[in-house]
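The structure appears right after this line, and notes come after that.
Where a number appears in this text, it was derived from the coordinates with a stated rule and is not lab data. None of the values given here were measured: they were computed from a predicted structure. Cβ atoms come from the backbone with ideal geometry, glycine included; neighbour counts cover every protein chain shown.
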Amino acid sequence: MSHGLRRLGGAALLIAGIALGIWVVFGAPHDWHGVQALGRVALGLASLAMISGSPSLIFPDDRP
């Protein structure tokens, strides 16, 4: 994959992770109970994984 596409994908993943995190904190229904509450926690963890995984795409380590 070329560096430009890789960086673009990393930036898109970062923006999507931030948007998902903002939605989970401010936009998700707060009356979710039981399994839905666990799903909300899983969405929060997924947004953190997306945000922390994007730098490896933006700044590739391809030293020979």
Q: Measure nothing fancy, just the Cα-based angle from helix 3-22's long axis to the longest principal axis of the chain, in degrees from 0 to 90, nearest 10.
A: 10 degrees
Q: Provide the net charge surrounding ILE58, with neighbours chosen by a C-beta distance below 9 Å and charges set as Lys +1, Arg +1, Asp -1, Glu -1.
A: +2
Q: Counting only C-alpha contacts under 8 Å and six or more residues apart, can you give the relative contact order of the chain as a whole percent?
A: 57 percent
Q. In nm, what is the difference between 0.36 nm times the number of residues separating ALA12 and ILE58 and their Cα-Cα distance?
A. 15.6 nm
